[in-house]
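The next block holds one structure in the form of structure tokens; read it before the comments.
The values are calculated or read from the model by the stated rules, or taken from the named source; none is laboratory data. Nothing here was measured: the structure is a model prediction, and the numbers come from that model. Every residue, glycine as well, gets a Cβ built from its backbone with ideal geometry; the counts of neighbours run over all protein chains shown.
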Amino acid sequence: MRVSRYHMPTLKEAPKEAELVSHTFLLRGGYIRQLAAGIYDFLPLGVKVLHKVSNIVRDEMNRKGALEVLMPAVQPAELWQESGRWQHYGPELLRVIDRHKREFCIGPTHEEVITDLARRDLRSYRELPVNMYQIQAKFRDEIKPRGGLLRGREFIMKDAYSFDADSDGAKKSYQAMYEAYCAIFRRCGLDFRVVEADTGNIGGSMSHEFQVVAETGEDYVLRCGKCDHTVNQELAAIRATVGAQAPADATGVSPFEPVHTPDQKSVEDVAAFLGVKTCQVVKTLICVADGEPTAVLLRGDHDLSDVKLRRALGATSVELADDATVEKVTGAIVGFAGPVGLKEKAGGGKTRIVADLAVQGLADIVVGANRDYYHFRHVVPGRDFQVEKYLDVRNALEGDPCPNCAVGTYSLFRGIEVGHIFYLGTKYSQAMQCIFQDEQGVVKPMVMGCYGIGVTRIMAAAIEQNHDDRGIRWPVPIAPFEAAVLALQVTDPNVSAAAEKLYADLQAAGVDVLFDDRDQRPGVKFADADLVGIPFQIVLGARDLAEGLAEIKDRRTGAREKVKVAEVAAIVTQRVRDAKAGS
């Protein structure tokens with residue numbers, strides 16, 4: 001492709017809406033343009049990258065025997081009502097009404113649609129297992145779309161769904177997708193980790209995320225240095241240490257007393273005001289679990305994991321209470337909730353009190369007094385208030401003991417989720433009567449799995465992991481072009497002829513090549529090639545050509561070398577092949 005005939009509108013400065021590196025370089029490099037918040041046009045360069053990612057995904061899915069289908073983006077409400085998700089999915093589900101007053105949604109995912117397809121077409125165990133997938137645009141109405149393609153509202157996803165006759169078969173299908181995903185991300189040239197994760201709105205009993213390691217990632221991931229146990233922070237369990245479960249010792253602790261703490265609402269403010277450490281302040285969070293208020297106690301230097309709390313309580317949903325609910329439960333404004341006397345204030349013990357394991361054993365602590373601008377000091381759990389259950393509900397931190405082995409501790413890194421696989425069991429097939437007859441003629445629900453890859457997210461995550469201050473450094477397998485021929489003096493007949501021949505030779509060798517044939521200054525061509533991120537840049541100038549030489553630049557390493565013009569095509573072709581083979 002010739003740059004003079006290609007729509008590649010690069011920008012010198014990043015638009016104001018750009019936040020992350022990937023967002024900035026995708027806009028500046030002429031890959032995308034914003035149409036509305038979280039919704040983007042893909043320009044020719046962007047489409048080429050998406051096609052290359054999609055082809056890798058499609059190749060590995062087909063290799064595992066998955067069958068490609070294409071389902072409608074618009075889905076009838078009736079299917080979602082059957083599964084029970086119409087009421088529970090939340091405002092991210094974009095709901096619409098057609099001219100006949102019938103309700104639909106724009107699909108954020110396709111569990112209901114594929115289950116409906118399977119129940120209409122599959123009848124016998126002889127037709128199982130089946131794995132069907134599609135690569136299609138999805139829509140999730142994010143409240144605050146940000147980061148360009150990393151948190152958009154419309155995005156392209158590969159979603160696959162497996163149907164098996166039993167759990168053993170379903171687990172084999174799950175493992176096949178696990179292997180396919182590892183192969184996909186390796187072929188895309190990404191540094192990634194497989195992470196235990198929560199199932200969230202999708203549901204099921206087991207799931208794994210595939211996280212691209214990046215300093216700008218919005219997910220926090222913990223990994224044990226001894227056993228390699230890797231898990232999303234919101235789900236990471238903590239191994240109980242010796243003595244952690246011992247009850248608080250009230251010996252020598254004075255009776256609790258109120259202390260006036262005017263305008264001291266945060267843990268840090270209260271600790272500084274009272275001259276104690278933040279770990280001696282126990283915060284009381286009022287949460288609503290399946291509609292019921294629950295008081296959750298945590299050490300002041302710890303943060304609540306909503307996921308762990310939901311699982312520990314066996315709840316369907318858990319969220320922080322709004323200000324009005326907090327005041328109703330505690331009798332005080334937000335910031336002064338506490339466990340002492342809380343049940344009496346709530347009226348007959350309706351508010352449960354649970355606490356994180358790290359709270360057990362603490363004595364002489366500070367808590368809110370359920371009174372505006374007051375706290376209690378010298379409080380002892382068990383003496384001054386009772387806890388219904390001690391649970392592991394805080395976010396694990398770097399250095400916390402790993403629960404998977406006897407000696408390891410967690411280290412922390414940030415990642416970008418680019419894939420997620422779920423073992424669904426019969427969650428959807430049972431609700432939607434997706435059934436089959438087994439060998440004995442017994443009717444059973446199919447056992448399902450679902451598997452998602454963010455194709456557009458891979459595009460952005462690859463840039464977050466591969467860039468410098470000049471632009472993108474694409475991994476070769478997903479670069480829009482594998483090589484660029486930069487003719488520095490395109491009006492010079494010798495330079496022009498040599499560039500044309502090299503361009504033709506590379507194309508004949510199967511290299512995806514971009515020919516910068518513009519009559520522009522060398523600096524413009526160098527800047528655009530670096531910004532766009534072409535892996536191998538071949539520079540042809542009159543001075544080098546006079547000596548029969550050309551320069552090859554490796555965009556990833558910055559290495560430059562002069563080689564004979566006649567050898568350039570063979571050298572670059574081999575390096576492209578090696579890069580693809582090694583990914």
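Residues that are of a type outside the set (S, T, N, Q), under 30 Å from ASP191 (Cα atoms), surrounded by fewer than 18 Cβ atoms within 10 Å (Cβ to Cβ) and not assigned by TED's automatic domain parsing to the domain that holds PHE25: does segment 537-553 have at least one? For segment 537-553, residues of a type outside the set (S, T, N, Q), under 30 Å from ASP191 (Cα atoms), surrounded by fewer than 18 Cβ atoms within 10 Å (Cβ to Cβ) and not assigned by TED's automatic domain parsing to the domain that holds PHE25: present.
Do we have any residue at all in segment 478-489 that's of a type outside the set (S, T, N, Q), over 20 Å from ARG555 (Cα atoms), modelled with pLDDT of 95 or more and outside any helix (DSSP H, G or I)? No - not one qualifying residue is present in segment 478-489.
Between ASP306, ASP263, ASP322, ASP301, the distinction of being in contact (Cβ under 8 Å) with a residue 24 or more places away in the chain, charged (D, E, K, R) and within 20 Å of HIS88 (Cα to Cα) belongs to ASP306 only. Where residues in segment 144-197 are in contact with an Asp or Glu (Cβ under 8 Å, 6 or more places away or on another chain), touching a residue at least 40 places away in the same chain (Cβ under 8 Å) and of a type in the set (Val, Ile, Thr), which of them is nearest to LYS427 (Cα to Cα)? Selected residue: VAL195.
Checking each residue in segment 381-427 for being over 25 Å from the mean Cα position of the chain (by Cα) and hydrophobic (A, V, I, L, M, F, W, C) picks out PHE385, VAL387, LEU391, CYS405, ALA406, VAL407. Considering LEU235, LEU297, the condition of being more than 19 Å from ALA332 (Cα to Cα) and buried (at least 19 other Cβ atoms within 10 Å of the Cβ) is satisfied by LEU235 alone.
Regarding ASN466, is this residue within 24 Å of the chain's Cα centre (by Cα), over 30 Å from SER429 (Cα atoms) and of a type in the set (S, T, N, Q)? When the stated conditions are applied, ASN466 passes them.
Screening segment 421-469 for residues that are under 19 Å from ASN131 (Cα atoms) and among the basic types (Lys, Arg) and picking the one that is modelled with the highest pLDDT gives LYS444. Scanning segment 347-363 for any residue that is surrounded by fewer than 18 Cβ atoms within 10 Å (Cβ to Cβ), modelled with pLDDT under 95 and either of a type in the set (Lys, Arg) or part of a strand (DSSP E or B) (or both) turns up at least one such residue. Only one of the numbered conditions (1) part of a loop (DSSP other than H, G, I, E, B); (2) in contact with a Phe, Trp or Tyr (Cβ under 7 Å, 6 or more places away or on another chain); (3) of a type in the set (A, V, I, L, M) is not met by VAL367, and that is (1). Among the residues making up segment 73-85, none is closer than 19 Å to ARG153 by Cα, free of Cβ contacts under 8 Å to residues at least 60 places away in the same chain and not in a strand (DSSP E or B).
Residues in segment 88-112 that are assigned to a helix (DSSP H, G or I) and either on the phi > 0 side of the Ramachandran plot or surrounded by 20 or more Cβ atoms within 10 Å (Cβ to Cβ) (or both): GLU111, GLU112.
As for segment 256-275, it holds no residue that is of a type outside the set (Phe, Trp, Tyr) and in contact with an Asp or Glu (Cβ under 6 Å, 6 or more places away or on another chain). Got at least one residue in segment 383-405 being modelled with pLDDT of 90 or more, within 24 Å of VAL221 (Cα to Cα) and among the basic types (Lys, Arg)? Yes; the residues of segment 383-405 include at least one that is modelled with pLDDT of 90 or more, within 24 Å of VAL221 (Cα to Cα) and among the basic types (Lys, Arg). Looking across segment 1-40, the residues that are among the charged types (D, E, K, R) and in a loop (DSSP other than H, G, I, E, B) come down to LYS12, GLU13, LYS16, GLU17, GLU19. Here LEU20, LEU43, LEU35 are screened, and the one residue that is more than 26 Å from LEU486 (Cα to Cα), without any contact (Cβ under 8 Å) to a residue 60 or more places away in the chain and of a type in the set (A, V, I, L, M) is LEU35. I need the full set of residues from segment 169-221 which are in contact with a His (Cβ under 8 Å, 6 or more places away or on another chain), of a type in the set (Ser, Thr, Tyr) and surrounded by fewer than 23 Cβ atoms within 10 Å (Cβ to Cβ), in order please. Within segment 169-221, TYR178 is the sole residue that qualifies. Among the strands (runs of 3 or more DSSP E) confined wholly to segment 241-344, which include 2 or more residues that are under 30 Å from the mean Cα position of the chain (by Cα) and not assigned by TED's automatic domain parsing to the domain that holds MET206? Qualifying strands (runs of 3 or more DSSP E): 282-289, 292-299, 318-320. If the condition is being touching a Ser or Thr at 6+ places or on another chain (Cβ under 7 Å) and under 23 Å from HIS7 (Cβ atoms), then segment 477-505 contributes ALA487, VAL490. Of all residues in segment 124-158, those satisfying the criterion of being surrounded by 22 or more Cβ atoms within 10 Å (Cβ to Cβ) and touching a His at 6+ places or on another chain (Cβ under 9 Å) are GLY148, LEU149, LEU150.
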